[in-house]
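**Student:** Below: one structure in structure tokens.
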Amino acid sequence: MSTKQMLHIGMIGTGSISDLHMRCYAKNEDAVIYAICDLNEERAKAAAQKYDAQSVYTNYREMLEDPHVDAVSICTWNNTHAEFAIAALEAGKHVLLEKPVATNVEDALRIEEAVKKSGRTFVVGFVRRYDNNMQMLRRFIDAGEFGELYYAKASILRRLGNPGGWFADKARSGGGPLIDLGVHIIDQCWYLMGRPKPVSVSGNTYRKLGNRANVEHLSFYKAADYSAAINNVEDMANALIRFENGASLAVDVSFTLHAREDESFVKLYGERGGFELEPKTLIVSEKHDTIMNIEPQTDHSGLDIHGAFQNQIDHFVECCLNGMPPISPIADGVTSTRMLCAIYESAEKGQEVRLD
């Protein structure tokens, strides 16, 4: 009989993102999906049947009382993250929390304190950190190939792509494309720049186009609870973030914009070279007085989101079982929340916001 230790997972929330978590847990030989929790019991039962989970709950606190549950993935509305994460930590569970960790800095700090008190593993779902190309470039950076990275710019511009449902309800989401999409590309750049301390933010948000639910002939991603009835989030945001070491990051994101096509890019510039992550990985260097554009030979030219999710889940499981420090700890989630909230504050006040 095998005595191999297995990590028993409880899933909180069965919306769209949760299936990416569950697929990856199902492929991990050291984990088993033990329990599923969702307010919608039928949806929870369907997920439990699909992944052969033993228990179904509609009350997350009841699931957290189950001694068989070792760790949880929290895939719920942003405004519930702090409540659910703190309760899970207090119940002695390890936690993988989808981004953003919270919709305000106070809640992010409450989670950080709960992590310290619990001694449990806590991983923030900054999934793009776990992409193979990201980690490859991190090795180049650590080896000094690019020198000091002093400027980054990143965009995710959708011409039509308001997911509706809870994504468009500020009370539940905390905001629109900035907190949903911007959180990813801000973190990508900040992480690769060495996580310098942010000192000031100047940001703008716009609500000009609405959700454009009237547009025909173009399909786009819709939330599991899609409805065009509610839309009180921004449809576009941009910001300039300055760091203590003098580096800066420019970012813009949109759910909808009068643009010719969707556009995504992530670019970083250093003293000795630069690189791009999106739409495909490219390294720019200078050798023998010649500028070189170098295309690394990897399995995926750009972001491999499914591979990144698998790497993230595998890392979480390993951290829980072996006590490894996580690649994306709660401290980074707190700093990310500070930057996001400062952008919204700057946009509301119409002036730069200092963070130091």
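The values are calculated or read from the model by the stated rules, or taken from the named source; none is laboratory data. Predicted, not measured: the structure shown is a model, and the values here were computed from it. Cβ atoms come from the backbone with ideal geometry, glycine included; neighbour counts cover every protein chain shown. Heavy atoms of the whole protein, side chains included, go into the accessibility calculation; ligands, DNA and RNA do not. Shrake-Rupley method; radii C 1.70, N 1.55, O 1.52, S 1.80 Å.
**Student:** Quick check on this structure: which one of GLU65, GLU29 is over 22 Å from HIS315 (Cα atoms), open to solvent by 20 Å² or more (accessible area, probe 1.4 Å) and acidic (Asp, Glu)?
**Tutor:** Details: GLU29 fails: over 22 Å from HIS315 (Cα atoms).
That would be GLU65, the only listed residue that is over 22 Å from HIS315 (Cα atoms), open to solvent by 20 Å² or more (accessible area, probe 1.4 Å) and acidic (Asp, Glu).
**Student:** Right, something else. Quickly run through region 318-356 and pick out the residues that are within 16 Å of ASP187 (Cα to Cα) and hydroxyl-bearing (Ser, Thr, Tyr).
**Tutor:** SER328, THR335, SER336, THR337
**Student:** Moving on. Got a sec? Which of ALA46, ALA88, ALA82 is of a type in the set (Gly, Ala, Ser) and crowded, with 23+ Cβ neighbours inside 10 Å? Don't jump to the end; show me each part of the working.
**Tutor:** Values: ALA46 fails: crowded, with 23+ Cβ neighbours inside 10 Å; ALA82 fails: crowded, with 23+ Cβ neighbours inside 10 Å.
Sole residue among the options that is of a type in the set (Gly, Ala, Ser) and crowded, with 23+ Cβ neighbours inside 10 Å: ALA88.
**Student:** Next question. Considering only residues of region 155-201 that are among the basic types (Lys, Arg) and within 26 Å of ARG138 (Cβ to Cβ), which is surrounded by the most Cβ atoms within 10 Å (Cβ to Cβ)?
**Tutor:** Here the residue is ARG195.
**Student:** Restricting to region 91-103, give me the number of residues that are surrounded by fewer than 21 Cβ atoms within 10 Å (Cβ to Cβ) and aliphatic (A, V, I, L, M).
**Tutor:** 1
**Student:** Please state which one of ASP107, ASP52, ASP70 is touching a residue at least 24 places away in the same chain (Cβ under 8 Å), of a type in the set (Asp, Glu) and more than 24 Å from SER173 (Cα to Cα).
**Tutor:** Details: ASP107 fails: more than 24 Å from SER173 (Cα to Cα); ASP52 fails: touching a residue at least 24 places away in the same chain (Cβ under 8 Å).
The match here is ASP70.
**Student:** Another question, if that's okay. Restricting to region 225-254, give me the number of residues that are of a type in the set (Val, Ile, Thr) and either surrounded by fewer than 16 Cβ atoms within 10 Å (Cβ to Cβ) or not in a loop (DSSP other than H, G, I, E, B) (or both). Steps first, answer last, please.
**Tutor:** Filtering region 225-254 down to residues of a type in the set (Val, Ile, Thr) leaves 230, 233, 241, 251, 253.
Among the residues that remain, those that are also either surrounded by fewer than 16 Cβ atoms within 10 Å (Cβ to Cβ) or not in a loop (DSSP other than H, G, I, E, B) (or both) are: 241, 251, 253.
Here the count works out to 3.
**Student:** Turning to a different aspect of this structure: What tally of residues in region 131-172 results from selecting those that are within 21 Å of VAL266 (Cα to Cα), touching a residue at least 40 places away in the same chain (Cβ under 8 Å), out of contact with any Cys (no Cβ under 6 Å at 6 or more places or on another chain) and not polar (S, T, N, Q)?
**Tutor:** 22
**Student:** Looking at PHE126, PHE146 in this structure, which one is aromatic (Phe, Trp, Tyr), open to solvent by less than 10 Å² (accessible area, probe 1.4 Å) and under 21 Å from ALA85 (Cα atoms)?
**Tutor:** Every option except PHE126 fails the conditions.
**Student:** Before we move on, is CYS24 in the same structural domain as THR76 (by the TED database), out of contact with any Ser or Thr (no Cβ under 9 Å at 6 or more places or on another chain), crowded, with 22+ Cβ neighbours inside 10 Å and not basic (Lys, Arg)?
**Tutor:** Yes; evaluated as a whole, the condition is true for this residue.
**Student:** Follow-up. Given the options SER55, SER73, name the one that is among the small types (Gly, Ala, Ser), in contact with a strand residue (DSSP E or B) (Cβ under 6 Å, 6 or more places away or on another chain) and surrounded by fewer than 21 Cβ atoms within 10 Å (Cβ to Cβ). It would help to see each step written out before you state the result.
**Tutor:** Values: SER73 fails: surrounded by fewer than 21 Cβ atoms within 10 Å (Cβ to Cβ).
Unique residue meeting the criteria: SER55.
**Student:** All but one of (1) in contact (Cβ under 8 Å) with a residue 24 or more places away in the chain; (2) of a type outside the set (Gly, Ala, Ser); (3) closer than 26 Å to VAL105 by Cα hold for PRO325; which doesn't?
**Tutor:** Answer for PRO325: the failing condition is (1).
**Student:** Here is a further query. So which strands (runs of 3 or more DSSP E) are wholly in region 255-356 and hold at least 2 residues that are farther than 25 Å from VAL95 by Cβ and open to solvent by 30 Å² or more (accessible area, probe 1.4 Å)?
**Tutor:** 263-270, 282-287, 290-294
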